[in-house]
Amino acid sequence: MRRPAMGGTVETSASNNAAAVYKKIIVSYTYVAVWIFLSFTVIVYNKYILDRKMYNWPYPISLTMIHMGFCSSIAFLLVRVFKLVELPVNNMTRELFLSSVVPIGALYSLSLWLSNSAYIYLSVSFIQMLKALMPVAVYSTAVLLKRDAFNSKTMTNMVAISVGVAIAAYGEARFNLSGVLLQLGAVVVEAIRLVMIQILLNSKGITLNPISTLYYVAPCCFVFLSLPWLLVEYPVLRATSSFKLDFLVFGTNSTAAFLLNLAVFLLVGKTSALTMNVAGVVKDWLLIAFSWSVIMDMVTPVNLLGYAVAFVGVCFYNYAKLQTLKAKEAQKLQQSAIDEEVGLVKQKPERREEILASSQKDDTES
């Protein structure tokens, strides 16, 4: 009998593995590209609508409520009408909703309100530079709430990022204190929200996809924003008769915001949160270039120097996280191998007893 050539089998296996790797890389980069495009679109679109020199509709609470109302409606249709998405019915109790989802919705509404308000006062490029402080805010919040251990090297990295952002702020040609305070407030609130998701939901075994998240959170955001809207923007809108919306502009803007939520889920679900962080750095540079070349925002050399320092700090932070994840994965594999070896050792005496019992049975029968 003629045996098949082993070399051909090995080459075929290697070729299949290489094809699978290339396919995974292409899919990952596709998700990254889609997320960058949608995030880019939403940011620039919001700036266009809110900026007084462009579309001139400076009502950030109203814009956020339009987004939340649109997302709530689409999520309701997908969950309740078309039943395309299932909810964690067994885990999402009324008590959990009130104690976890409602606070997260309140934080999310405040974060969106503050970040959208900043577009009225600051350029897109400078806002992206200020957003580089997000790792600092998340790490500091996690340490304060005892969700993460203090590490001197990580804190040094956080200080470097902060110094870089401070330099960028110092070099900002159109510095506006109100806008900076709004954006920094948005960063802090968003950091608290991300940590609270870990505490209030993930630690209890609750994981939500973007549709179910919008189904629960978007109506909460809408309700929480309604009170400041009635007090702050409703009187102005009523006096200026600005209730007539351009459905093409606001419809496409809301659709882009909804699709961005789906893109975030796909990117994190199919790759990792770390990939999203790295892609975010690329997106920030693209937005800075777009803001300078197309919108004609002024970007100074000091701006770029400061953001470059923060950029290096963020890259180092992502690299450190990657190394930590690799170390944890290696530790899991090592522990799994040890457990398997211990299990085999434990099985040996039991196997001896089975063999001895079988031998005694054979002797008795004979």
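The values are calculated or read from the model by the stated rules, or taken from the named source; none is laboratory data. For clarity, every value in this text was computed on a predicted model and none was experimentally measured. Counting neighbours? That spans all protein chains shown, and the Cβs are built from the backbone with ideal geometry, glycine included. Surface areas here come from the heavy atoms of the whole protein model, side chains and all, with no ligands, DNA or RNA. Shrake-Rupley method; radii C 1.70, N 1.55, O 1.52, S 1.80 Å.
The single condition from (1) farther than 30 Å from N56 by Cα; (2) modelled with pLDDT of 85 or more that A239 fails is (1).
A single member of R94, R52, R80 is out of contact with any Pro (no Cβ under 7 Å at 6 or more places or on another chain), among the basic types (K, R) and within 26 Å of L227 (Cβ to Cβ), and it is R94.
Kindly list the number of the only condition in (1) surrounded by 18 or more Cβ atoms within 10 Å (Cβ to Cβ); (2) closer than 21 Å to I120 by Cα that fails for N157. Of everything listed in (1) surrounded by 18 or more Cβ atoms within 10 Å (Cβ to Cβ); (2) closer than 21 Å to I120 by Cα, N157 misses just condition (2). Cβ separations smaller than 7 Å between residues 6+ apart or across chains give the following pairs from segment 256-267 residues that are open to solvent by 50 Å² or more (accessible area, probe 1.4 Å) to residues that are not in a helix (DSSP H, G or I) and not β-branched (V, I, T): F265/N209. Of all residues in segment 297-311, at least one satisfies being touching a residue at least 24 places away in the same chain (Cβ under 8 Å), part of a loop (DSSP other than H, G, I, E, B), crowded, with 16+ Cβ neighbours inside 10 Å and of a type outside the set (G, A, S). Among the residues of segment 167-188, those that are exposed (fewer than 13 other Cβ atoms within 10 Å of the Cβ) and either of a type outside the set (A, V, I, L, M) or under 24 Å from the mean Cα position of the chain (by Cα) (or both) comprise R174, S178.
Residue pairs whose Cβ atoms lie under 6 Å apart, sitting 6 or more positions apart in sequence or on different chains, and linking a residue in segment 76-98 that is open to solvent by less than 100 Å² (accessible area, probe 1.4 Å) to a partner that is not in a helix (DSSP H, G or I), are L78/L84; L78/V85; V79/V85; N91/I206. Is it the case that some residue within segment 163-184 is of a type in the set (V, I, T), out of contact with any Lys or Arg (no Cβ under 8 Å at 6 or more places or on another chain) and over 30 Å from M298 (Cβ atoms)? No. Filtering segment 216-244 to residues that are open to solvent by less than 90 Å² (accessible area, probe 1.4 Å), without any contact (Cβ under 8 Å) to a residue 12 or more places away in the chain and part of a loop (DSSP other than H, G, I, E, B) leaves only S241. Here A279 meets each of (1) of a type in the set (A, V, I, L, M, F, W, C); (2) over 26 Å from the mean Cα position of the chain (by Cα); (3) buried (at least 16 other Cβ atoms within 10 Å of the Cβ) with one exception, condition (2). Looking at this structure, is T12 hydroxyl-bearing (S, T, Y) and at pLDDT below 85? The answer is yes for T12. Annotation: T141 fulfils all but one of (1) open to solvent by 40 Å² or more (accessible area, probe 1.4 Å); (2) modelled with pLDDT of 90 or more; (3) in a helix (DSSP H, G or I); the unmet one is (1).
Report, by residue number, each residue of segment 42-88 that is part of a helix (DSSP H, G or I) and charged (D, E, K, R). Scanning segment 42-88 gives K47, R80. Screening F247, F258, F243, F290 for residues that are among the hydrophobic types (A, V, I, L, M, F, W, C) and under 26 Å from S100 (Cβ atoms) leaves exactly one candidate, F258. From the residues in segment 64-75 that are under 21 Å from the mean Cα position of the chain (by Cα) and β-branched (V, I, T), which one is surrounded by the most Cβ atoms within 10 Å (Cβ to Cβ)? Going through the qualifying residues, I end up with T64.
Taking the conditions (1) closer than 27 Å to L77 by Cα; (2) open to solvent by 20 Å² or more (accessible area, probe 1.4 Å) in turn, I192 satisfies each one other than (1). Only one of the listed residues (A118, A173, A186) is among the hydrophobic types (A, V, I, L, M, F, W, C) and at pLDDT below 95. That residue is A173. Using the structure shown, decide if N157 is touching a residue at least 24 places away in the same chain (Cβ under 8 Å), under 22 Å from N46 (Cα atoms) and of a type in the set (S, T, N, Q). The answer is no for N157.
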